[in-house]
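Reviewing the structure listed below.
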Amino acid sequence: MILDSTMRLDDVLAGGASSPVRAGQRVGGAPFVCARADGPYAYDVEGRRYVDYVMAYGPLLFGHTPPFLRGLDALAARGVVYGSTTPDELELAARIRGHVPSMEKLRFTTTGSEAVQSAVRVARAFTGRDAVLKFSGNYHGHFDLALQDAGASAETPDATHSGIPRAVVADLAVARYNDLGDVDRDLARIGGRLAAILVEPICGNMGLVETEPGFLQGLRERADRCGALLIFDEVITWLRLGLAGAQGEIGVVPDLTAVGKIMGGGFPIAAFGGRADVMAVLAPDGPCFTGGTHAGMPFAVALALRVLDYLETTPSLYREMDRRARILADGIRATLRDLGLDYAVVQRDSIVDFKFRPGPPTRSYDDQARDDQRAYAAFYHAMRARGVLLPPSHNEVMFVSTAHGDADVALTVDAVDASLRALRAEGIV
């Protein structure tokens with residue numbers, strides 16, 4: 001379908017988009033409207049092709065048309081939603097637990113927002129406390145508690161005018177990422193009321209930010225000392241960083257974990273889980289309710305099983321994504337070095353990122369606040385003009401998928417070089 005040239009996006013969509021980042025206001029200009037997608041490519045309404053590094057903000061580990069999208073009619077013919085537990089659901093839960101042992105028991109949801117919100121509710125029910133400590137620049141979904149000082153495109157510094165009740169903010173502490181001293185200052189105020197510490201173990205929502213040595217271990221110790229629970233939001237990191245997720249790589253075990261739609265190849269499915277004694281507070285065994293008609297939807301569960309089949313039988317996929325991501329990161333570094341720009345390029349597995357800010361890599365949201373958003377906006381449009389699609393927000397990162405090939409990475413490296421040189425000629429960088 002070609003858009004009616006007389007129709008503006010905001011004529012029918014509030015704000016011009018169903019999710020604010022898509023409106024592209026951070027970068028200006030006409031927002032990207034995707035007419036179709038295939039493999040590593042997105043196509044606009046005029047049929048132009050772009051190498052896509054948005055990848056739906058992470059979950060498209062296999063690109064837009066993964067190889068397991070076969071026989072979907074047969075899956076749908078079994079029924080799309082039952083309102084009953086299914087054998088596939090039990091198998092998927094058991095296989096997730098096999099890869100993430102801390103999720104001794106789990107429950108499925110439809111979205112990552114629901115998964116994190118449910119984990120927080122379980123923590124409150126288990127501890128009998130209300131307060132939650134989270135971190136500025138982390139993004140945990142769009143429920144009330146998660147939005148205060150959030151990363152991604154959800155920055156919400158003023159709860160009063162954002163529809164967030166004052167009572168929610170009163171039960172929330174927001175600390176600086178990678179700063180245990182700041183955590184301790186908050187705990188001195190709310191430690192006796194603390195239900196949970198909620199954190200992205202590797203943050204992908206204020207750029208790619210890795211934790212300082214000892215930070216997550218310090219959170220584990222402080223949660224234990226306060227009688228609170230430690231919740232890992234692995235909606236981005238599980239499967240993106242391997243079958244064991246960030247906790248498997250780092251070696252810190254949380255009490256509760258939330259995972260997301262990457263397990264369904266992008267289809268709507270998520271889950272939360274953790275210690276069996278903690279999860280026992282859930283109804284019908286306990287007083288804490290979470291649920292939903294689409295929770296554990298059989299169609300999405302069947303696709304999630306295919307995702308695990310594919311990853312378990314093809315471990316080389318991770319090596320290839322890492323190799324290509326390294327080539328991309330090295331190519332960006334080479335241009336920056338040649339232009340004398342002291343911007344740190346960071347790469348972890350299939351995630352690549354750099355910010356328009358001199359100095360070391362981002363370690364907290366304070367660092368990210370110094371990023372030159374004007375320069376990123378100009379870079380975004382320069383790359384788009386050269387056939388590469390980046391996220392329209394400086395807080396986001398580049399995601400490589402199994403569908404990206406060497407030629408796609410080479411094209412991107414060339415586009416980065418040409419774009420940064422054009423920005424230098426214009427005096428922007």
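The values are calculated or read from the model by the stated rules, or taken from the named source; none is laboratory data. Only a predicted model underlies this, so the values are computations on that prediction, with no experimental measurement involved. As a convention, Cβ positions derive from the backbone with ideal geometry for all residues, glycine included, and neighbour counts pool all protein chains shown.
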Inset, instruction - Return the total of residues in the stretch 58-92 being touching a Pro at 6+ places or on another chain (Cβ under 7 Å) and under 30 Å from V352 (Cα atoms). - result: 1
Inset, instruction - Consider A188 carefully, then state whether it is among the small types (G, A, S), buried (at least 23 other Cβ atoms within 10 Å of the Cβ) and modelled with pLDDT of 95 or more. - result: no
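Condition check: closer than 16 Å to T86 by Cβ, at pLDDT 95 or above, in contact with a strand residue (DSSP E or B) (Cβ under 9 Å, 6 or more places away or on another chain) and in the same structural domain as L239 (by TED's automatic domain parsing). Does V281 satisfy that? Give the derivation first.
Numbers: closer than 16 Å to T86 by Cβ: no; at pLDDT 95 or above: yes; in contact with a strand residue (DSSP E or B) (Cβ under 9 Å, 6 or more places away or on another chain): yes; in the same structural domain as L239 (by TED's automatic domain parsing): yes.
Criteria not met by V281.
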Inset, instruction - Give me the pairs, please: first residue somewhere in the stretch 392-415 and within 14 Å of A329 (Cβ to Cβ), second residue anywhere and surrounded by fewer than 24 Cβ atoms within 10 Å (Cβ to Cβ) and basic (K, R), beta-carbon distance under 7 Å, and either six or more positions apart or on two chains. - result: V400/R324; H404/R324; V409/R324
Legend entry - Of the criteria (1) over 19 Å from Y380 (Cβ atoms); (2) free of Cβ contacts under 8 Å to residues at least 12 places away in the same chain, which one Y43 fails: (1)
Inset, instruction - Just give me the residues in the stretch 92-146 being among the charged types (D, E, K, R) and either within 17 Å of I262 (Cβ to Cβ) or at pLDDT 95 or above (or both), in sequence order. - result: R95, R97, E104, K105, R107, E114, R121, R124, R129, D130, K134
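Going by the conditions given, is R306 surrounded by fewer than 17 Cβ atoms within 10 Å (Cβ to Cβ) and either assigned to a helix (DSSP H, G or I) or on the phi > 0 side of the Ramachandran plot (or both)?
Working: surrounded by fewer than 17 Cβ atoms within 10 Å (Cβ to Cβ): no; either assigned to a helix (DSSP H, G or I) or on the phi > 0 side of the Ramachandran plot (or both): yes.
No; evaluated as a whole, the condition is false for this residue.
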Legend entry - Number of the condition not met by A77 [criteria: (1) without any contact (Cβ under 8 Å) to a residue 12 or more places away in the chain; (2) in contact with a Ser or Thr (Cβ under 9 Å, 6 or more places away or on another chain)]: (2)
Legend entry - Extreme residue, farthest from E249 (Cα to Cα), among residues of the stretch 310-353 that are part of a helix (DSSP H, G or I) and aromatic (F, W, Y): Y310
Inset, instruction - Only one of these is crowded, with 22+ Cβ neighbours inside 10 Å, within 15 Å of K105 (Cα to Cα) and among the aliphatic types (A, V, I, L, M): A270, A280. Name it. - result: A270
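Out of the stretch 128-140, which residues are more than 20 Å from Q25 (Cα to Cα) and surrounded by 20 or more Cβ atoms within 10 Å (Cβ to Cβ)? Show your work before the answer.
In the first step, residues of the stretch 128-140 are kept if they are more than 20 Å from Q25 (Cα to Cα); the result is 128-136, 138, 140.
If the condition is that a residue be more than 20 Å from Q25 (Cα to Cα) and surrounded by 20 or more Cβ atoms within 10 Å (Cβ to Cβ), then R129, A131, V132, L133, K134, F135, S136, N138, H140 are the ones that fit.
Do you know which of the residues in the stretch 163-185 that are among the small types (G, A, S) and under 22 Å from the mean Cα position of the chain (by Cα) is modelled with the highest pLDDT? Spell out the reasoning first.
Going residue by residue through the stretch 163-185, those that are among the small types (G, A, S) are 163, 167, 170, 173, 175, 181.
Cutting the leftovers down to under 22 Å from the mean Cα position of the chain (by Cα) gives us 173, 175.
Working: A173: 93, A175: 96.
Only one residue fits best here, namely A175.
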Inset, instruction - Give the residue that is surrounded by the most Cβ atoms within 10 Å (Cβ to Cβ), with candidates limited to residues of the stretch 23-49 that are touching a Lys or Arg at 6+ places or on another chain (Cβ under 7 Å) and in a strand (DSSP E or B). - result: Y41
Inset, instruction - Hey, could you check the stretch 55-87 for residues that are assigned to a helix (DSSP H, G or I) and closer than 30 Å to I351 by Cβ and say which is modelled with the lowest pLDDT? - result: L72
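Taking the stretch 278-296, which residues are farther than 22 Å from G248 by Cβ and not in a loop (DSSP other than H, G, I, E, B)? Walk me through how you get there before you give the answer.
In the first step, residues of the stretch 278-296 are kept if they are farther than 22 Å from G248 by Cβ; the result is 280-296.
Selection gives L282, C288.
Select from the stretch 193-242 the residues that are among the small types (G, A, S) and touching a residue at least 40 places away in the same chain (Cβ under 8 Å) and write down the one among them that is farthest from M279 (Cα to Cα). Write out each step before concluding.
The first filter runs over the stretch 193-242 and keeps only residues among the small types (G, A, S), leaving 195-196, 204, 207, 214, 218, 223, 227-228, 242.
Checking the rest, the ones that are also touching a residue at least 40 places away in the same chain (Cβ under 8 Å) come to 195-196, 204, 207, 227-228, 242.
Working: A195: 14, A196: 14, G204: 27, G207: 32, G227: 16, A228: 14, G242: 25 Å.
Once the filter is applied, the top-ranked residue is G207.
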Inset, instruction - Please go through the stretch 247-277 and pick out each residue that is within 17 Å of R124 (Cβ to Cβ), touching a Ser or Thr at 6+ places or on another chain (Cβ under 7 Å) and in a loop (DSSP other than H, G, I, E, B). - result: P254
Inset, instruction - Mind counting the residues in the stretch 113-142 that are over 16 Å from L230 (Cβ atoms) and in contact with an Asp or Glu (Cβ under 8 Å, 6 or more places away or on another chain)? - result: 5
